[in-house]
Amino acid sequence: MPQAVGLAEAIMDAFGQNFGALKLVPSDGGRFEVSLDGTLIYSKLETGDFPENRDIIQALRSKL
């Protein structure tokens, strides 16, 4: 969960209050996913690695 909290902080730093909601959903089995409006942006199950915060922020910017 520390990676998720760190990513949430980085997203808030990058975008401020421009998001209607930002939520963390605990899960098991190595799942770490980032979605925007129901669209999957990143899946650790697909890549096998945790994402870099900057890569997620860049992906979110490209979708906004």
Could you work out how far helix 2-15 tilts from the main Cα principal axis of the chain, as a 0 to 90 degree angle to the nearest 10? 20
With runs of 4+ DSSP H residues as the only contributors, calculate the mean residue ellipticity of the chain at 222 nm using -39,500 (n - 2.57) per run, divided by the residue total and rounded to the nearest 500. -13000 deg cm²/dmol
Packing-based exposure ordering (other Cβ within 10 Å, fewest first) of Ser27, Ser43: Ser27, Ser43
Going by how many other Cβ atoms sit within 10 Å of their own, how do Lys23, Lys44 line up, fewest first? Lys23, Lys44
Choice from Asp13, Asp49, Asp28 with maximal GNM fluctuation in the chain (Cα, 10 Å cutoff): Asp28
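Where a number appears in this text, it was derived from the coordinates with a stated rule and is not lab data. What you are looking at is a predicted structure, and each value in this text was computed from that prediction instead of being measured. When we count neighbours, we look across all protein chains shown, and the Cβ atoms used for this are built from the backbone with ideal geometry, even at glycine.
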